[in-house]
1. I'd like to verify a number: residues in region 426-437 that are surrounded by 11 or more Cβ atoms within 10 Å (Cβ to Cβ) and either assigned to a strand (DSSP E or B) or at pLDDT below 95 (or both), how many?
2. Here are the criteria: (1) in a loop (DSSP other than H, G, I, E, B); (2) open to solvent by 30 Å² or more (accessible area, probe 1.4 Å); (3) of a type outside the set (F, W, Y); (4) closer than 26 Å to K214 by Cα. Tell me which single one T145 does not satisfy.
3. Considering only residues that are surrounded by fewer than 17 Cβ atoms within 10 Å (Cβ to Cβ) and within 24 Å of the chain's Cα centre (by Cα), look in region 164-177 and name the one that is farthest from I207 (Cα to Cα).
4. Could you tell me whether R365 is open to solvent by 40 Å² or more (accessible area, probe 1.4 Å), free of Cβ contacts under 8 Å to residues at least 60 places away in the same chain and not in a loop (DSSP other than H, G, I, E, B)?
5. Within region 236-247, track down each residue that is surrounded by 15 or more Cβ atoms within 10 Å (Cβ to Cβ) and over 13 Å from S258 (Cβ atoms).
6. For A154, indicate whether it is touching a residue at least 24 places away in the same chain (Cβ under 8 Å), within 22 Å of F115 (Cα to Cα), small (G, A, S) and surrounded by 14 or more Cβ atoms within 10 Å (Cβ to Cβ).
7. Looking at D351, D357, D285, can you tell me which residue is over 17 Å from Y250 (Cβ atoms) and open to solvent by 80 Å² or more (accessible area, probe 1.4 Å)?
8. Among what's in region 131-141 and is part of a loop (DSSP other than H, G, I, E, B) and open to solvent by less than 40 Å² (accessible area, probe 1.4 Å), pick the residue that is modelled with the highest pLDDT.
Amino acid sequence: MKILMWIGLVLLVIFVLYALIVSVFSYYVSSPRTHNATVLNANLSNQYYLQEDKVIFVLDGNFFQIGGVDIEGADPNSFEVIDQSYAKDNNRLYYNGKPISDVTPDSIVNVTSTFDENAKNSGYLISNGKVFCYGEVIQRADTDTFSFLAGLYAMDKNYLYYDTNIKIPREVEPTLVDHTNFQYLKHGDQIFYQGELISMLGSQFEIIDDQYSKDAVHVYSHGEIIKEMTPEGFTVISPYYRKDKNQAYYFNNPIPESDPNTFKVLNDTIAKDQHHLYYNGYIIDNKTTAEVNRSEANELAKRWKWRELHLSPTTVIVVPSDKVEDIAYEYFAYNNDVYTRTQKLEGVTADQVIVLDRDSKEFTRIGDQVFYFGNPIEGVDANTFELIADRFSQDAEHIYWGEHKVIDANPSNFEYDERLFADENEAGEFVLKTVEY
């Protein structure tokens, strides 16, 4: 026991020393001084540097992995940093080190924020009667009334803008739904997420967390309606589980037969209610809620010791990992029974699953049926079936690519070439194609 403790201590010391060496080396290599570079304005940007009388751009100041790029033609004597991305000299305006054409540096006007006068421009800037967002022109924006809102949102007297491509007719003064989440913007009864209209129930709209929001009708995940969910009773229980008044969910997937009133999360993997025990959102068939407490649930959550095998798309058994045999890509054996990723194959034993390609284990045969990655090759004659190369195979009548029949190839004269593949045509049939080098 003491020997194991000493071995563990030595390994820990080695790991700490390795991490320390890597950290010191990374800091040294990433330091501007190592590259004889001096940051031009550290308060505004970590991307613009002076190096041997040249101005260089270093994305996010990452000398170690990215390195610096000379800004060709930049005048180091008049070069001035505007913010994290914008800079100028006497001749040009730059965005991320690249010059912007048709701009007079003396005409640059910073864009102020409607919501916070101390907020940074976040990529917006006005010059020569044009509004720029991330270095690109926002067409026909009104420079006299243009202001930055939050995130990528901005506005003028006529429109709301998101980035450079989305323009929304403006009717009222917009507001933020939440002053910590700039993905959303409220415009009257309209709610926008990343510039896209998602709800017309602005007065009833609520942001739940960084992923979810809701109104009186829908629950949204990153701005997309989750059709199965209802806003009534919707709660994020854990990073993996949620529930509403009707049922529980694993991520955004409904858990059939779940009872939201008694649903309880035991850990990131295991949950239970009065009816069932759940493993990653699937009903566990071989264990009951009565026999698994929190401590035993933590044991079942050890992925290297336990594995779920599907009886059906909604039900699994949880068994010791070392008792499960991976027969092929899509097939697993336990107690001589065979399972796929979605179901148990009733009446099929492990010795009946024949792997046709031992190296990649992509093609299998069960009885008179042949499969490619678990997908049946429809109409194949298993008795005359043979592999050719890559994804190609054949029987007495047809050539196949993966699980698809190739309609313009014949076994009698087919010659394999490594440039060949098959692709679906407009009729949904697969035909031969050649990769052009």
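1. Restricting attention to region 426-437, the residues satisfying the condition of being surrounded by 11 or more Cβ atoms within 10 Å (Cβ to Cβ) are 429-433.
When the remaining residues are screened for being either assigned to a strand (DSSP E or B) or at pLDDT below 95 (or both), the result is 430-433.
Qualifying residue count, region 426-437: 4.
2. Going through (1) in a loop (DSSP other than H, G, I, E, B); (2) open to solvent by 30 Å² or more (accessible area, probe 1.4 Å); (3) of a type outside the set (F, W, Y); (4) closer than 26 Å to K214 by Cα one by one, T145 breaks only (4).
3. N165
4. yes
5. Y240
6. Taking the combined requirement at face value, the residue satisfies it.
7. Numbers: D357 fails: open to solvent by 80 Å² or more (accessible area, probe 1.4 Å); D285 fails: over 17 Å from Y250 (Cβ atoms).
Result of the check over D351, D357, D285: D351.
8. A141
The values are calculated or read from the model by the stated rules, or taken from the named source; none is laboratory data. Quick caveat: nothing in here was measured; it's all calculated off a predicted structure. All Cβ positions, even for glycine, are placed from backbone atoms using ideal geometry, and neighbour counts span all protein chains on display. Note: areas computed on protein heavy atoms with side chains; ligands, DNA, RNA excluded. Shrake-Rupley method; radii C 1.70, N 1.55, O 1.52, S 1.80 Å.
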